[in-house]
Amino acid sequence: MRRPFVAGNWKMTQTLASAVELALGVAEGARPFVGTVDVAVGPPFVYLAAVKQVLGDSGVTLAAQNAYFEEPGAFTGETALEMLTDVGCRWVILGHSERRHVLGETDELINRKVRAALTKGLGVILCVGELLEEREAGQTEAVLDRQMAGGLADVSDGQIGEVVVAYEPVWAIGTGQTASPEQAESAHAHLRNWLQARYNPQVAEVTRIQYGGSVKPANAVELLAQPNVDGALVGGASLKAETFVPIIEAAAGQ
Ligand code: PGA
């Protein structure tokens, strides 16, 4: 049985005051569900420490939205994994489509970050997903295979247990156009088969695969009811406790 995992990706939003208020609302609202659902929030770097303080012992964990793979040193503008663990991060989101397609991150760079994060004791939320034109060209599974093989290159059987996969079709992110439950389930089943072939049946069975892309309270129940959908990575709807908490509740009901 895979424990559902709902994470909020706040992207480049919030002020210090609104981040603290949002964290308070999530910590409070998630309280009845943290016994059955893993919950994380991913604020911008500059608000991580303040949000961590607010989360306290609520059971809601902290995720960073990116990291650099190098040891601390002369890398102006970057953030080391040690810094993330220092401020209390449990997770780091890597390979998000905005980092791939806006910031130009390659599978090779993402893989260096994944391996470094696992070595430093952080859990990784590895995002994969196809563009609309790739889906329309029938390339969805090939794209997922490439991103999985690239992102998880040299990640051992012993390390994969700290990886959560997030299937996020790029055409569904921030567009209001959610994948249908059938489309999500089909991609998730494919990803699980990939894990079985690359690792083993046990890894495939226990690895959690989140769906991301316009998840909201109105569609969460149906998406989370799919057998291979083990949680959600939520952008827009994670920016208000009133819309994020019902998604956690939907995951708890599965
Ligand atoms: P969205 O973003 O929920 O706003 O579509 C999801 C994500 O980018 O992780």
Among (1) modelled with pLDDT of 95 or more; (2) outside any strand (DSSP E or B) - the single one VAL39 does not satisfy: (2)
Residue in region 189-205 that is nearest to the ligand (Cβ to nearest atom), counting only those that are touching a Ser or Thr at 6+ places or on another chain (Cβ under 9 Å) and farther than 17 Å from ILE125 by Cβ: HIS190
Scan of region 33-43 for residues that are more than 30 Å from GLU108 (Cβ to Cβ) and surrounded by 18 or more Cβ atoms within 10 Å (Cβ to Cβ), ordered by number: PHE33, VAL37, VAL39
Test: VAL165 is in contact with a Cys (Cβ under 9 Å, 6 or more places away or on another chain) and open to solvent by less than 50 Å² (accessible area, probe 1.4 Å): yes
Looking only at region 65-100, and only at residues there that are within 16 Å of the ligand (Cβ to nearest atom) and polar (S, T, N, Q), the one that is farthest from GLY121 (Cα to Cα): SER97
Criterion (over 17 Å from the mean Cα position of the chain (by Cα) and not charged (D, E, K, R)) met by exactly one of GLN65, GLN14: GLN14
Region 220-243 - residue that is closer than 13 Å to ASP38 by Cα and within 10 Å of the ligand (Cβ to nearest atom) and, of those, nearest to the chain's Cα centre (by Cα): LEU233
Residue that is nearest to VAL41 (Cα to Cα), among those in region 227-240 that are part of a loop (DSSP other than H, G, I, E, B) and open to solvent by less than 40 Å² (accessible area, probe 1.4 Å): GLY235
Residues of region 206-219 satisfying the condition of being away from the ligand (no atom under 11 Å from the Cβ) and either in contact with a helix residue (DSSP H, G or I) (Cβ under 7 Å, 6 or more places away or on another chain) or in contact (Cβ under 8 Å) with a residue 12 or more places away in the chain (or both): VAL206, THR207, ARG208, ILE209, PRO217
Failed item, numbered, when VAL170 is tested on (1) within 16 Å of the ligand (Cβ to nearest atom); (2) among the aliphatic types (A, V, I, L, M); (3) surrounded by fewer than 16 Cβ atoms within 10 Å (Cβ to Cβ): (3)
Single match in VAL143, VAL164 (criterion: touching a Lys or Arg at 6+ places or on another chain (Cβ under 9 Å) and more than 18 Å from ILE93 (Cβ to Cβ)): VAL143
Which numbered condition GLY151 misses (of (1) touching a Gly at 6+ places or on another chain (Cβ under 8 Å); (2) touching a residue at least 60 places away in the same chain (Cβ under 8 Å)): (2)
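The values are calculated or read from the model by the stated rules, or taken from the named source; none is laboratory data. Because the structure is a prediction, the values reported are computed rather than measured. Please note: Cβ atoms are built from the backbone with ideal geometry, for glycine as well, and neighbour counts cover all protein chains shown. Side chains included, ligands, DNA and RNA excluded: accessible areas come from the protein's heavy atoms. Shrake-Rupley method; radii C 1.70, N 1.55, O 1.52, S 1.80 Å.
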